[in-house]
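Undergrad: Shown below is the structure under consideration.
The values are calculated or read from the model by the stated rules, or taken from the named source; none is laboratory data. Not measured: the values here are computed from a predicted model. Glycine gets a Cβ as well: all are built from the backbone with ideal geometry, and neighbour counts include every protein chain shown. Accessible surface areas use protein heavy atoms only, side chains included; no ligands, DNA or RNA. Shrake-Rupley method; radii C 1.70, N 1.55, O 1.52, S 1.80 Å.
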Amino acid sequence: MTPELSNRQSRNSGSRLTFLDWSRGLAVVIMLQGHVFHSFSRQDLRKDGPFVLSQLFGGMGPAVFLVLTGITLAFLMDGREKQGLGAMARWRASLRRAGYLFSLAILFRIQLWLFAYPQRSWTNLLKVDILNCMGFAMALMSIMAIFTTAERVRLCAVLGMLIAAASPLVSSMNWTWLPQELAAYIVPSTQYFAFFPWAAFIAFGISIGSVLRLVEPAHTNRMMQWGCLLGLALIAGGQYFSNLPYSIYQKSDFWLDSPGLIVIKLGAVILILAFAFVWSEFAVGSAWSWVRQLGTTSLLVYWVHIELVYGRWFGSWKESMNNIECAFAAVGVIALMLGLSVLRTNWPGVRAAFLPLFSTQSPLRVSGD
């Protein structure tokens with residue numbers, strides 16, 4: 001997936017947090033290549049190594065986006081708390097942010113449907129995409145704004161674990177009484193981004209974001225070291241318990257609703273955040289980074305590339321490319337989206353440079369005898 005709540009908010013939180021844009025940018029790159037392979041790869045090649053690896057890594061993109069969404073939501077809550085707002089005011093501010101993102105999700109579905117009309121049915125307007133999941137989950141979790149930042153660290157970590165643990169149970173329940181359009185927001189599915197289990201990443205993100213707000217800048221480096229150990233422990237632990245010959249669940253699908261997979265992905269996201277911090281702090285520094293550049297406009301990139309990759313623009317190439325051709329196509333799409341990102345970032349200057357060329361005014365001519 002995956003798009004950001006407010007890049008400006010993370011950039012204005014201090015230079016020590018610019019690594020969040022780099023993490024988001026890496027998720028964009030992972031997402032772009034995964035979608036290109038998914039859309040253009042031939043069906044007979046979808047069991048080969050390149051396609052499988054592309055989708056395996058591509059599955060990490062939504063997890064990164066959702067965790068970062070939780071982090072920025074935690075920043076919003078903490079910021080309102082520091083401004084002295086009461087619990088209800090903080091809750092309303094979080095609800096407004098959730099409503100904003102959910103509105104974008106609706107506009108996104110409408111745009112995709114209009115551009116594909118009449119090939120797509122109106123039911124596509126009701127598809128639960130990652131933006132819908134973000135808005136819905138944020139609205140439910142906005143209640144966490146009534147607690148303090150320190151309390152949210154523990155509460156949201158527990159909430160994330162409960163969502164992950166409940167996902168197999170939700171899958172096994174009978175949901176035929178609920179309209180499919182509503183059930184898609186709740187029940188784990190390979191076709192939608194449902195609350196279970198994906199919202200667990202937002203809850204974990206709120207916990208992580210609250211920690212970032214509480215840690216002194218001088219201690220961030222040490223915190224990231226502990227984060228590396230935690231990430232490795234989560235990956236090893238999730239893998240170990242997922243491979244046990246018995247389970248407490250009557251039915252569980254590892255790739256759909258397994259708490260073990262959520263734990264493994266969370267560990268990988270924490271490692272990505274730690275690596276992004278080291279890379280941004282000690283390698284790139286304040287220099288321009290193309291990965292971070294993509295992260296600063298991830299919502300725009302997400303919106304445009306979905307239309308480009310899955311829309312009708314290159315319909316004749318869908319499911320027709322071999323692995324090498326898909327790799328080149330992925331590089332091309334990433335380059336194109338990077339150009340779009342740079343254009344968006346520098347749009348005021350670009351507009352000012354080209355505006356005189358389209359001016360209709362002409363110099364006044366002075367006539368005389």
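Undergrad: Give me the residue from the stretch 90-105 that is among the hydrophobic types (A, V, I, L, M, F, W, C) and closer than 17 Å to Leu300 by Cβ and, out of that set, most open to solvent (accessible area, probe 1.4 Å).
TA: Out of the qualifying residues, it is Leu104.
Undergrad: Would you point out which residue out of Leu126, Leu169, Leu140 is open to solvent by 60 Å² or more (accessible area, probe 1.4 Å) and within 19 Å of the chain's Cα centre (by Cα)?
TA: Going through Leu126, Leu169, Leu140 in turn, just one is open to solvent by 60 Å² or more (accessible area, probe 1.4 Å) and within 19 Å of the chain's Cα centre (by Cα): Leu140.
Undergrad: Let me ask something additional. When you scan the stretch 209-220, how many residues do you find that are part of a helix (DSSP H, G or I) and open to solvent by 40 Å² or more (accessible area, probe 1.4 Å)?
TA: Residues that pass the stated criteria total 6.
Undergrad: Okay, moving on. Of everything in the stretch 1-37 that's touching a Ser or Thr at 6+ places or on another chain (Cβ under 8 Å) and open to solvent by 30 Å² or more (accessible area, probe 1.4 Å), which residue is modelled with the highest pLDDT?
TA: Gln33
Undergrad: Counting only residues that are surrounded by 13 or more Cβ atoms within 10 Å (Cβ to Cβ), in contact (Cβ under 8 Å) with a residue 60 or more places away in the chain and in a loop (DSSP other than H, G, I, E, B), how many does the stretch 221-271 have?
TA: Summing the residues that are surrounded by 13 or more Cβ atoms within 10 Å (Cβ to Cβ), in contact (Cβ under 8 Å) with a residue 60 or more places away in the chain and in a loop (DSSP other than H, G, I, E, B) in the stretch 221-271 gives 4.
Undergrad: Would you tally the residues in the stretch 272-314 being within 23 Å of Gln225 (Cα to Cα), aliphatic (A, V, I, L, M) and open to solvent by 50 Å² or more (accessible area, probe 1.4 Å)?
TA: Qualifying residue count, the stretch 272-314: 2.
Undergrad: May I ask you to verify whether Pro197 is of a type outside the set (A, V, I, L, M), open to solvent by 10 Å² or more (accessible area, probe 1.4 Å), under 16 Å from Ile262 (Cβ atoms) and touching an Asp or Glu at 6+ places or on another chain (Cβ under 9 Å)?
TA: no
Undergrad: Just need a number here: residues in the stretch 158-190 that are polar (S, T, N, Q), free of Cβ contacts under 8 Å to residues at least 24 places away in the same chain and assigned to a loop (DSSP other than H, G, I, E, B).
TA: Number of matching residues: 2.
Undergrad: Right, another one. Name the one entry in Glu281, Glu307 that is at pLDDT below 90 and among the acidic types (Asp, Glu).
TA: Sole residue among the options that is at pLDDT below 90 and among the acidic types (Asp, Glu): Glu281.
Undergrad: Show the residue pairs that are 6+ apart or on different chains and have beta-carbon atoms under 8 Å apart, the first residue being within the stretch 340-369 and on the phi > 0 side of the Ramachandran plot, the second being part of a loop (DSSP other than H, G, I, E, B) and modelled with pLDDT under 75.
TA: Taking only residues 6 or more apart or on different chains, not a single pair turns up.
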